[in-house]
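Have a look at the structure below, then the notes.
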């Protein structure tokens, strides 16, 4: 289809009416526009009708649409192919998500031909992971292909920036004021710090204060513990957090642990080398026992002053709330930097337990939502021991 059609057509009055016709639906001008569609526009309308028509569980009342995709995997697969032809990928992802929710297509996602037809995205991965335990073997490899595609795309988008931001923060944290060896001198920063000591008659600078890097060692400088709530509402956060966990684990200066939890706790640290396997080790849905998860994470802390604990949860606690707060207080008092992310996704303002968030804030633990693009800078700020509440107010 033409680029003009994909981008929403042109801005003439007739084309604007056609857009309204596509939004409102209704054959024969029943929508009030008096516009009839043909060609690609009619096919776009047909694809929208199947998803958003009254027969599809969408509109009601006087709307004459009577859409629906039925219960046929081939029919749904054809529809998925059509919308990929007619709409840009960002719109396709929204329509796929709506189709799964509105038309109850979850069961059909277990069909390999369906998985081969979909546009891979984070929301689809979340849905597939929730079906992991009931997925037949013949669909599992197709599902892995979808997950692998999304993970590769996220790593391409986020990995280098994460390594750069966190690695830079670790290097800065290792700077010393009295470097003992010339290779340890940060000459650029030393020169900038001593510009006032420039002697023009000698055309030279007297470095009264030397700034250097700490000796580059292979020793681990920070321990990072990611604790991820795998309740159904956290699906996108689980996907992003798993990818970030794999990236952080690839950095030698960090020791990264990753645990997922519902009412039980599973340590997936040994899967961090393969984020696809890691994601298939999760089980979305079920209850939530944050207290039990934090208790497990306490056992992973061996260097409190060099440990960052990131809890990714909407804070709806099914465990013992009083014990949870006591454990978090004990961790912070010991020197652990505790951060709570109510969501790690692009989905907008999340639903969360405001009372628990307020109780954690009273303990000095910030709780806020974070987008994947902001997470590298968040971790860099955590490594540098900056005030994260102030950082979040300025950056999120």
> What number goes with the only condition from (1) at pLDDT 95 or above; (2) under 23 Å from residue 240 (Cβ atoms); (3) under 24 Å from the mean Cα position of the chain (by Cα) that residue 300 does not pass?
Replying inline: (3)
> Among the residues of segment 154-165, is there at least one that is at pLDDT below 95, over 30 Å from residue 252 (Cβ atoms) and part of a helix (DSSP H, G or I)?
Replying inline: no
>> Every residue in segment 268-294 that is closer than 23 Å to residue 360 by Cβ and either surrounded by fewer than 21 Cβ atoms within 10 Å (Cβ to Cβ) or free of Cβ contacts under 8 Å to residues at least 40 places away in the same chain (or both), please.
In response: 286, 287, 289, 291, 292
> Residues in segment 132-153 that are surrounded by fewer than 16 Cβ atoms within 10 Å (Cβ to Cβ) and outside any helix (DSSP H, G or I): how many?
Replying inline: 1
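Return yes or no: is residue 317 under 21 Å from residue 285 (Cβ atoms) and out of contact with any strand residue (DSSP E or B) (no Cβ under 7 Å at 6 or more places or on another chain)?
yes
Name the helices (runs of 4 or more DSSP H) wholly within segment 1-114 that hold at least 1 residues that are assigned by TED's automatic domain parsing to the domain that holds residue 132 and modelled with pLDDT of 60 or more?
Details: elements: 3-6, 13-24, 39-52, 73-86, 89-102.
Those helices (runs of 4 or more DSSP H) span 13-24, 39-52, 73-86, 89-102.
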> Regarding residue 227, is this residue at pLDDT 95 or above and either within 20 Å of residue 384 (Cβ to Cβ) or crowded, with 17+ Cβ neighbours inside 10 Å (or both)?
Replying inline: yes
> Given the residues 192, 252, 203, 181, which is the only one that is over 15 Å from the mean Cα position of the chain (by Cα), surrounded by fewer than 14 Cβ atoms within 10 Å (Cβ to Cβ), assigned by TED's automatic domain parsing to the domain that holds residue 317 and over 30 Å from residue 132 (Cα atoms)?
Replying inline: 252
>> Residues that are surrounded by fewer than 22 Cβ atoms within 10 Å (Cβ to Cβ) and under 21 Å from residue 259 (Cα atoms): does segment 382-393 have at least one?
In response: yes
>> Looking at segment 318-368 only, could you name the residues that are under 19 Å from the mean Cα position of the chain (by Cα) and over 25 Å from residue 383 (Cα atoms)?
In response: 347, 348, 349, 350, 351, 352
> Which of the following residues is more than 30 Å from residue 121 (Cβ to Cβ) and crowded, with 21+ Cβ neighbours inside 10 Å: 340, 365?
Replying inline: 365
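Table: residues versus (1) out of contact with any helix residue (DSSP H, G or I) (no Cβ under 9 Å at 6 or more places or on another chain); (2) within 30 Å of residue 146 (Cβ to Cβ).
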| site | (1), (2) |
| --- | --- |
| 272 | no, yes |
| 279 | no, yes |
| 285 | no, yes |
| 294 | no, no |
| 314 | no, yes |
| 331 | no, no |
| 335 | no, no |
| 338 | no, no |
| 354 | yes, no |
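The values are calculated or read from the model by the stated rules, or taken from the named source; none is laboratory data. What you are looking at is a predicted structure, and each value in this text was computed from that prediction instead of being measured. In this analysis, Cβ positions are derived from the backbone assuming ideal geometry, glycine residues included, and neighbour counts consider all displayed protein chains.
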